[in-house]
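The values are calculated or read from the model by the stated rules, or taken from the named source; none is laboratory data. Small disclaimer: the values here were computed from a predicted structure and weren't measured. Heads up, the Cβs are rebuilt from the backbone with ideal geometry, glycines too, and the neighbour counts pull from every protein chain shown. The protein model used for the area step is the full one, side chains on, heavy atoms only, and it has no ligands, DNA or RNA in it. Shrake-Rupley method; radii C 1.70, N 1.55, O 1.52, S 1.80 Å.
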Amino acid sequence: MPDPFHLAVIPSLQILYCVMPKVASRQLRRMLYRFNTGRGELRLKAFPPYQQKQILETYFKFTFVREPFERILSAYKDKFVYPRFPRSKLQLHGTAILKSVRPNASQSALDKLDDISFREFIEYLVTKGSNKSTPVMDWHWDNYVNICGMCAINYDFIGHYETFDQDMADFKEAAGLTPEDAKRFNAHSNNKSSTASSLLSYYSQIPIEWIDILGRLFRANFEMFGYNFPGPLQSLFEKKKREQ
């Protein structure tokens, strides 16, 4: 079962949303919490166990997923390039990364934690990461199944970031929203980031072997949600073959 903290509750709509970081979750939460008049953010952990069970059994449950390599890059940018991590989290992961892959890091680098490269981040994942939930696998880049428990919870709808507009329309219909409520669900793909366009420039900095390891670490993300491996990074593998 997922951590109840990951599950956002909207009682007025009888909707349960599994918050999936780096998959438009900020936009979706902002939109959903408008319906929690006077309560704002409400997570499943706030309810007693018997009520949690009832909500899990009766509410409309949904989440969104994203191409795994794109989500990993988005998490890196969001947490280490333009950091939105709380300082304590940045220190936890940033210090662990530098001590693991940059053993001679200066005290200044350890204090500032502002120059962690994408290559260092990926090296940390492929050497210390796991397909299980561990402190290394922060939920901003952990496997979808570890965050939302797809093997334990029968979700009514799982949308894809790549087809966000159409999937939002399908979600509103599947959830049985009234026309008035549906109008308030105004999330749209124009708010998506430009991360996809920079995938190759970032992943070309790391060895192909590491991409293979990432594929194994995040295998469930690819296989359960229809994403091909290596997907958008196929040209890097083709280039490697030509060079051999």
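Where residues in segment 76-129 are part of a loop (DSSP other than H, G, I, E, B) and within 18 Å of residue 202 (Cα to Cα), which of them is modelled with the lowest pLDDT? Applying the filter and picking the extreme gives 83.
Of the residues 47, 69, 62, the single one that is at pLDDT 95 or above and under 19 Å from residue 168 (Cβ atoms) is 62. Whenever a residue of segment 77-95 is in contact (Cβ under 8 Å) with a residue 60 or more places away in the chain, its partners that are small (Gly, Ala, Ser), lying with C-beta atoms within less than 9 angstrom and at least six residues away or across chains, give the pairs 77/193; 77/198; 78/193; 79/94. When the criteria are applied in full, residue 87 fails the requirement of being farther than 30 Å from residue 228 by Cβ, under 21 Å from the mean Cα position of the chain (by Cα), of a type in the set (Lys, Arg) and open to solvent by less than 70 Å² (accessible area, probe 1.4 Å).
Scanning for something open to solvent by 50 Å² or more (accessible area, probe 1.4 Å), more than 18 Å from the chain's Cα centre (by Cα) and in contact (Cβ under 8 Å) with a residue 12 or more places away in the chain, does segment 203-222 turn up at least one residue? Yes, some residue in segment 203-222 is open to solvent by 50 Å² or more (accessible area, probe 1.4 Å), more than 18 Å from the chain's Cα centre (by Cα) and in contact (Cβ under 8 Å) with a residue 12 or more places away in the chain.
One residue stands out in segment 154-167 among those that are at pLDDT 95 or above and of a type in the set (A, V, I, L, M, F, W, C): the one that is farthest from residue 222 (Cα to Cα), namely 157.
Yes/no per residue for (1) open to solvent by 30 Å² or more (accessible area, probe 1.4 Å); (2) under 28 Å from residue 59 (Cβ atoms):
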{"site": "135", "(1), (2)": "yes, no"}
{"site": "144", "(1), (2)": "no, yes"}
{"site": "167", "(1), (2)": "no, yes"}
{"site": "174", "(1), (2)": "yes, yes"}
{"site": "201", "(1), (2)": "yes, no"}
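If you check 22, 45, 77 for being on the phi > 0 side of the Ramachandran plot, open to solvent by 30 Å² or more (accessible area, probe 1.4 Å) and among the charged types (D, E, K, R), only one passes: 22.
Among the residues making up segment 1-44, those that are under 18 Å from residue 174 (Cβ atoms), in a loop (DSSP other than H, G, I, E, B) and of a type in the set (Gly, Ala, Ser) are 12, 24.
Specify which of the listed residues (111, 115) is under 24 Å from residue 211 (Cα atoms) and either open to solvent by 30 Å² or more (accessible area, probe 1.4 Å) or among the aromatic types (Phe, Trp, Tyr) (or both). Residue meeting the stated conditions: 115. Scan segment 48-68 residue by residue and report those that are surrounded by 19 or more Cβ atoms within 10 Å (Cβ to Cβ) and in contact with a Pro (Cβ under 7 Å, 6 or more places away or on another chain). The one that is surrounded by 19 or more Cβ atoms within 10 Å (Cβ to Cβ) and in contact with a Pro (Cβ under 7 Å, 6 or more places away or on another chain): 67. Hydrophobic (A, V, I, L, M, F, W, C), in contact with a strand residue (DSSP E or B) (Cβ under 8 Å, 6 or more places away or on another chain) and more than 18 Å from residue 67 (Cβ to Cβ): does that describe residue 175? So residue 175 passes the test. The test for being within 22 Å of residue 180 (Cα to Cα) and touching a Lys or Arg at 6+ places or on another chain (Cβ under 6 Å) does not hold for residue 28.
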